[in-house]
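A.B. asks: Before I ask anything, here is the structure I am working with.
The values are calculated or read from the model by the stated rules, or taken from the named source; none is laboratory data. Quick caveat: nothing in here was measured; it's all calculated off a predicted structure. Every residue, glycine as well, gets a Cβ built from its backbone with ideal geometry; the counts of neighbours run over all protein chains shown. Accessible surface areas use protein heavy atoms only, side chains included; no ligands, DNA or RNA. Shrake-Rupley method; radii C 1.70, N 1.55, O 1.52, S 1.80 Å.
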Amino acid sequence: MNKVRDALESVVTNGGGKNAYIDGYRIGGKTGTAQIASNGSYSGNGYILSFIGVAPIDDPQIVLYVAMDNPKNCVQYGGTTVAPIARKMLVDILPALGIEKVLEQDKKETTVTDEITYEVENYIGLNKSEVKSAYYTFEFMGEGEKVIDQLPRVGEEIKAGQSVKIQLGN
């Protein structure tokens, strides 16, 4: 069983499922890209893309399966198109289940083609003047000096130069 778990975790740390990696959570997974069959043969005009993830890999509490049937205008690979969707879901689900982050995990291998992303910090409760980052920009909305909400949420990742929307209030 440990070999299977190690293999699934390696898909997320250095395989096709890297887009499902979350720092602090040991996630295992498997991507899928399947041609659609019709009347006993492949139709050649569509794919079913999928990702199945399990977390935490050493003590599974959740299994998440996400599939897209013949998506348009995207790269036709489960790891490229579906794994990031599963990741966004797991970013919310794992803390909601009370699953604690771990201090040690295999680090995600990166290549020169990987986009650099940064984890969004918590700005809720800060004054507007305290909201700073060297990696991303901010878009302020509302009146007041206190941060009352933000998007993306704490722990989600965004690409360098993207904006975090900050809702201000009193």
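A.B. asks: Can you give the longest run of the chain that contains no GluC sites (Glu not before Pro) sitting in a DSSP loop with at most 11 other Cβ atoms inside 10 Å?
C.D. replies: Details: sites that count: 100, 104, 115, 143.
Here the longest run is 1-99.
A.B. asks: Arrange the residues 94, 151 by how much accessible surface each exposes, largest first, with a 1.4 angstrom probe. Let's see the in-between values first.
C.D. replies: On the way: 94 0, 151 95 Å².
Largest to smallest exposure gives the sequence 151, 94.
A.B. asks: So who's got an amide H within less than 5 Å of the one on residue 142, skipping anything under 5 residues away but keeping other chains? H placed 1.01 Å off N, in plane.
C.D. replies: 168
A.B. asks: If you place +1 on the Cβ of every Lys and Arg and -1 on the Cβ of every Asp and Glu, how big does the dipole about the Cα centre of the range 1-139 come out, in debye to the nearest 20? Walk me through the numbers on the way to the answer.
C.D. replies: Working: 13 positive and 17 negative charges, 72 e Å.
Approximately 340 debye in magnitude.
A.B. asks: Averaging sequence separations of C-alpha pairs under 8 Å and six or more residues apart, then dividing by the length of the range 84-170, give the relative contact order as a whole percent. Write out the running numbers ahead of the final one.
C.D. replies: Details: 120 pairs, mean separation 26.9, N = 87.
RCO, the range 84-170: 31 percent.
A.B. asks: For residue 149, what residues show an amide H to amide H distance below 5 Å, using hydrogens built from the backbone and excluding near sequence neighbours?
C.D. replies: Amide H neighbours of residue 149: 167.
A.B. asks: Further, regarding this structure: What are the ³J(HN,Hα) couplings of the range 29-41, residue after residue, when phi is run through the Karplus curve with 6.51, -1.76, 1.60 and θ = phi - 60°? Round to Hz, x for glycine and proline.
C.D. replies: Once θ is set to phi - 60°, the couplings for the range 29-41 become x, 8, 8, x, 9, 10, 5, 7, 9, 9, 6, x, 9 Hz.
A.B. asks: Moving on. Please turn the phi angles of the range 48-54 into ³J(HN,Hα) values with the Karplus equation 6.51 cos²θ - 1.76 cosθ + 1.60 (θ = phi - 60°), one per residue in order, whole Hz, x for glycine and proline.
C.D. replies: 3J(HN,Hα) across the range 48-54, in whole Hz: 9, 9, 8, 8, 10, x, 9.
A.B. asks: Now a separate question. What FRET efficiency, computed as 1/(1 + (r/R0)^6) with R0 = 30 Å and r the Cβ-Cβ distance, is obtained for residue 37 and residue 101, rounded to the nearest 0.05?
C.D. replies: Numbers: r = 41 Å, r/R0 = 1.38.
Computed FRET efficiency for residue 37 and residue 101: 0.15.
A.B. asks: Scattering from the C-alpha atoms of the chain alone, worked out with Debye: what is log10 I(q)/I(0) at q = 0.10, 0.15 1/Å?
C.D. replies: -0.47, -0.91
A.B. asks: Could I ask something else about it? Under a crude label model (7 Å from the Cα following the beta-carbon direction), how far is residue 6 from residue 165 in nanometres?
C.D. replies: About 4.5 nm, to one decimal.
A.B. asks: Tell me the angle of helix 83-96 to the major Cα principal axis of the chain, expressed in degrees between 0 and 90 and rounded to the nearest ten.
C.D. replies: Roughly 60 degrees between the two axes.
A.B. asks: Just how much of residue 107 is accessible, in Å², when a 1.4 Å probe is used and the result is rounded to the nearest 10?
C.D. replies: So the heavy atoms of residue 107 present about 130 Å² to solvent.
A.B. asks: Additional query: What ranking of 140, 51 comes out by heavy-atom accessible area, probe 1.4 Å, highest first? Write down the numbers at each step before the final one.
C.D. replies: Values: 140 80, 51 0 Å².
Of 140, 51, the descending order of accessible area is 140, 51.
A.B. asks: Sticking with this structure for a sec: Give the percent of DSSP beta bridges with both residues in the chain that are antiparallel, rounded to the nearest 5. Present the calculation step by step, with values, prior to reporting the outcome.
C.D. replies: Working: 28 of 33 bridges.
Around 85 percent of the beta bridges assigned by DSSP in the chain are antiparallel ones.
A.B. asks: What FRET efficiency do you get for residue 93 and residue 23 if R0 is 22 Å and r is their Cβ-Cβ distance, rounded to the nearest 0.05? Working shown, then result.
C.D. replies: Values: r = 16 Å, r/R0 = 0.72.
According to the calculation, E is roughly 0.90.
A.B. asks: Report, in listed order, any pair from 18/132; 132/159; 72/165; 101/159 with a Cα-Cα distance greater than 20 Å.
C.D. replies: Beyond 20 Å: 18/132; 72/165; 101/159.
A.B. asks: Can you give the local net charge around residue 5? Use residues other than it whose beta-carbon is closer than 14 angstrom to its beta-carbon, Lys and Arg +1, Asp and Glu -1.
C.D. replies: -2
A.B. asks: Now a separate question. For the Cα atoms of the chain, what angle does the longest principal axis make with the long axis of helix 2-14, in degrees from 0 to 90, nearest 10?
C.D. replies: Orientation of helix 2-14: about 60 degrees from the principal axis.
A.B. asks: Please list the non-local residues whose amide H lies under 5 Å from the amide H of residue 46, H modeled 1.01 Å from N, same-chain partners needing a gap of 5 or more.
C.D. replies: For residue 46, whose amide H was placed from the backbone, the distant partners under 5 Å are 36.
A.B. asks: If one puts a single equal scatterer on every Cα of the range 42-143 and applies the Debye formula without solvent, what log₁₀ I(q)/I(0) results at q = 0.10, 0.20 Å⁻¹?
C.D. replies: Relative scattering, expressed as log10 I(q)/I(0), comes to -0.46, -1.19.
A.B. asks: Which order do you get for 81, 137 if you rank them by accessible area with a 1.4 Å probe, largest at the top? Present the calculation step by step, with values, prior to reporting the outcome.
C.D. replies: Values: 81 20, 137 65 Å².
My answer, sorted largest first, is 137, 81.
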